[in-house]
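What follows is a set of notes on a single structure, which appears directly below.
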Amino acid sequence: MNDDSGRKRTPASYLRYGLLALAAFLVLSLGFALIPRESPAPAAPPFSEQARAAALAQTLDLRAASQQLAEGSSGARRQLFSHTVTLLTTQARALLLPGGATATSAPGAASSGTALPRPATLPALVAALSTSGKELLAHAEKADGGMARLLAAVGTAQLLQATTLAQVAGTPPPAVSAPVTTQRNAATACSVTSPSSNSAQSGNSAATGGDAPPNNSNESTKTADPSDSATLAAALNRVVRTEVETVYGYQVALTRLAAPAADQARALLSTHETLVGQAEAYTRAHCVSVPPREPGYTLGTSFLQKPAAGLASLEAGTLPVYGDLVALSEGETRRWAVTSLVAAAQRTMRWGSDPGPVPGIVLDTALLPELPEPAETSPRQTDGGAAATPAAQ
């Protein structure tokens, strides 16, 4: 075969063309291979992590504002702001992952609208604490078990501190939702497949609906877990037992209290009797046997001598019980547990006791990670620095 110039092509010519074509193909292939692909967008962090990071950011901002107010105050106000710094420091340490970064670099940290003006003011701090606390409680209803308890605890404490500061500022205290009052009917249908509700993830339709028809065939499936196990059934049993014991304590204290403490105790006794009924109804709704009521309880000599302090101790004792229920429940049951935790912390304060920086959690602050100190910390921030190692709850 001849080419256009009339020259005859040889096999070597075809081989040369083939090699050139192969070389061109290899060059193009390598070029495409060396062009870096676009990195896929990072997956969004789970909701619980986003809520934790946002809570940490809010808490650190509130802490900085409280430090600023403490530096500009004296006397009782300085002590109050310093206590707020201590409270928020402990909460921030609880929200900080071991070895993790602060909230400014945490993934998923969202703005919550709690940013405070500079310089900070007391009314602004009250409003920001209230907003942050309510947001954390709302997030606690949707977060995963342990994180839900932590968010509920921090949110409760921030709301209580907002109430305390509001009294000093002369502003209205933050409105707090009352505990859910809709009781579960004892005949509410429950799930046959999970009679003991072994975890917060074993949700059933009875946990989110209150108008299901009776289903008496499920009565034989009811069972109660050991009281020390980490299950929803056990948590509900602990709530019932604790509330029944608290009712007994109030009944005894009423015979030893004078007005106006007796009037307060009488009103709170009625509250706890209602809570017993609600706890038993939620227990039945989850196909769990209601624990039998004890004929009586042993109260120490100190309780009989100082019944008001004894009632404060009983109220404080309900906090970790409701905290456990928050962690192990979901849906309507968790909403009831969250609002009940807030109410229990408020009752604890009404009897003059401190529910601590994270009501509902027994916290060992020695095990918490330390907060990184800001570079601009001044010598005047002694109170805030001392807050980095508060006493254990």
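Coordinate-derived values only; no laboratory data. Everything numeric in this text was worked out from a predicted model, so none of it was measured. A quick note on method: Cβ atoms are made from the backbone with ideal geometry, for glycine too, and the neighbour counts reach across all protein chains shown.
Quick notes on this one:
- With 0.36 nm allotted per residue and the present C-alpha distance subtracted, the Val168-Ser73 stretch has 32.9 nm of extension available.
- Sorted by Cβ density within 10 Å, fewest first, the residues Thr90, Thr121: Thr121, Thr90
- On the beta carbon distance between Glu273 and Ala41, with R0 = 41 Å, the FRET formula returns roughly 0.15.
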